[in-house]
1. Counting only DSSP beta bridges with both residues in the range 1-155, what percent are antiparallel, rounded to the nearest 5?
2. In sequence order, what are the phi-derived ³J(HN,Hα) couplings for the range 388-395 according to the Karplus relation 6.51 cos²θ - 1.76 cosθ + 1.60 with θ = phi - 60°, rounded to whole Hz, with x for glycine and proline?
3. Whenever you get a sec, compute what percent of the accessible area on the range 236-275 sits on carbon and sulfur atoms (1.4 Å probe).
4. Suppose all protein chains stay in the model; what accessible area per residue would a 1.4 Å probe give for the range 1-139, in Å²?
5. Given (i) 21.2; (ii) 28.3; (iii) 17.7 as candidate values of mean projected area of the Cα convex hull in nm², which corresponds to the one derived from the coordinates?
6. Please work out whether the range 281-395 counts as rounded, prolate or oblate from its C-alpha gyration tensor, where a ≥ b ≥ c are the square roots of the eigenvalues and a/c under 1.5 means rounded, while otherwise a/b larger than b/c means prolate and anything else oblate?
7. For the range 271-392, what is the accessible area per residue in Å² when the probe is 1.4 Å?
8. Can you tell me, using C-alpha contacts under 8 Å and at least 6 residues apart, the relative contact order of the range 139-269 as a whole percent?
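The values are calculated or read from the model by the stated rules, or taken from the named source; none is laboratory data. Since the model is a prediction, treat every value here as computed from it, not as a measurement. Reconstructed Cβ throughout: ideal geometry from the backbone, glycine too, with neighbour counts over all protein chains shown. Heads up: the accessible areas ignore ligands, DNA and RNA and are worked out on the full protein's heavy atoms, side chains in. Shrake-Rupley method; radii C 1.70, N 1.55, O 1.52, S 1.80 Å.
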Amino acid sequence: MKLQLEEIAAHWGEHLVQMRRHLHQYPELSGDEVETSAFVQAELGRLEIPYKTGFAKTGVLGILEGGKPGKTVALRADMDALPILEKNEGPVISMRPGVMHACGHDAHTAMLLGAAAILKEYQAELPGRVLFIFQPAEEQVPHGGAQPMMDDGLFDQYLPDVIYGQHVWPDLPVGTIGVKEGAIMANSDGFTITIHGAGGHASMPHQGLDAIVVAAQMINALQTIVSRNINPLEPAVLTIGKITGGYRYNVIADEVVLEGTTRSLDPKVRLLLKERLHQVVEQVAEAMGARATVQFQEGYPVTFNSAHWVEQVRKTAHHLLGTGNTPAIQPSMGGEDFSRFLQRIPGAFFWLGCALPDRPVQKPLHDPQFQLDERVLPIGAGLMAQLVLDTLLSK
C-alpha cells in the first residue's frame, strides 16, 4: 500500500489547513488544552475512530483496529501552545493575547488527525493496530505530559511495538526530513540559584554585601564549566536566562536569583554539568563572603532514536519525497518530551521541513513571529500514515 502525496494534498489538503488555522487561532497553554482536546475528540468521532480520554487531564488516545492481526504502531502529536504574544499580522493569528502556537503544535495536531483520516480508509487492510496519541503539556518542562499520560494507563491495554513523532523545523525546506540515529535532541535540565548577601546604601558598599556583584562573578565563572571542564568534542550548554535582583539605583541588593538551563547529549556530561554547577556556585559565593543555594531540576532526557526505525523513516520518506530529501543533520540542543516515550518504546523522532520560501531569514521556533509553510501539512500527514503502513507490512 503506497500513498501519493498529490492525492493526499488534493483530498485532504484544505481540511488540514482549516484544522491547523482553527487551532492556531485558539491556542491553549500547557495543562489547559480543554478546547483543543474537545476538537480532537470531535474529529476522531467524525472519523468513527474510537478514543479514550483521562490521560494527563486533557490527553486523548485514538485507537484504530485493523482488519487483520499484527503489530501495534503509535503516532504522537503535542497540543499545547506557549505564553507568547504573537507579532504576526493577518487573518490567521492567535485570538488569545499572550498565548501562541509558536512551536508548531497546532500543525502537529492537525497532521496527526490527517494521518488518522487517511488510515481510516485502509482500516480493513491494516495488519495490526494504530494508536493516535494527542499529548498535552509538552512545553511544561521539567514535568511534561508524556510521563503523566503513561502513569494514567496510556499503554495499559496496548503496548506499541514502535512509536513515531515529528516536529516542524524551520531550518529545513518543505519537502525534506531531518532524522538521525541515536541522540537527536538534548536533555533539558533547569536550575535556580539564589544568592544571599546583605543590603545597604549604595554610597557605603563596605557596610553591605552586594549580591549583584557576587552574581556577576558567578555568571562568569559558570561559563568556564563548558569551556574548561567539558571535552570540546562533547556538546554542552549552560545558559543563564533570567536575573532577578535589586530594589533601586542607590540600594545594595541583598538577594539575586539566577535561572538557567544545562543541556547535553551524554549522561556523563549531564552529570558533570550538574556537579560542577553546584561546586562553582558554592565556592564563588564562599570566596566573596556570601551564601548561595541551588535548586536543580532534571528535565527531559535525551531524545534517542532507534537505528532500525530511523532507517524505516528514511525509506518511507524516500518513497514519498525522493531520495535526496533526508539531508545529514546535527542534533539539536533543544529538549523534547517525546524522549520519555522513547525510554519505554523503541521508535524515531524526526524533523519536518517547514521553512517559508519567501523569507530569507527564518524565524525560529518559540519566536513571536514564527510561521510555517502550510504545504507541509499534507506531507506530515502522509508521512505518518505511510510510516504506519510500511511498519505494519514489514516483516
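1. Numbers: 11 of 21 bridges.
The answer is about 50 percent antiparallel.
2. 4, 4, 5, 5, 5, 8, 6, 8
3. Ligands and nucleic acids excluded, carbon and sulfur give 53 percent.
4. With all protein chains present, the range 1-139 gives 39 Å² per residue.
5. Given (i) 21.2; (ii) 28.3; (iii) 17.7, the calculated one carries the label (i).
6. Numbers: a/c = 3.29, a/b = 1.74, b/c = 1.89.
Note, shape of the range 281-395 comes out oblate.
7. Details: 5150 Å² over 122 residues.
I get 42 Å² per residue for this part.
8. 29 percent
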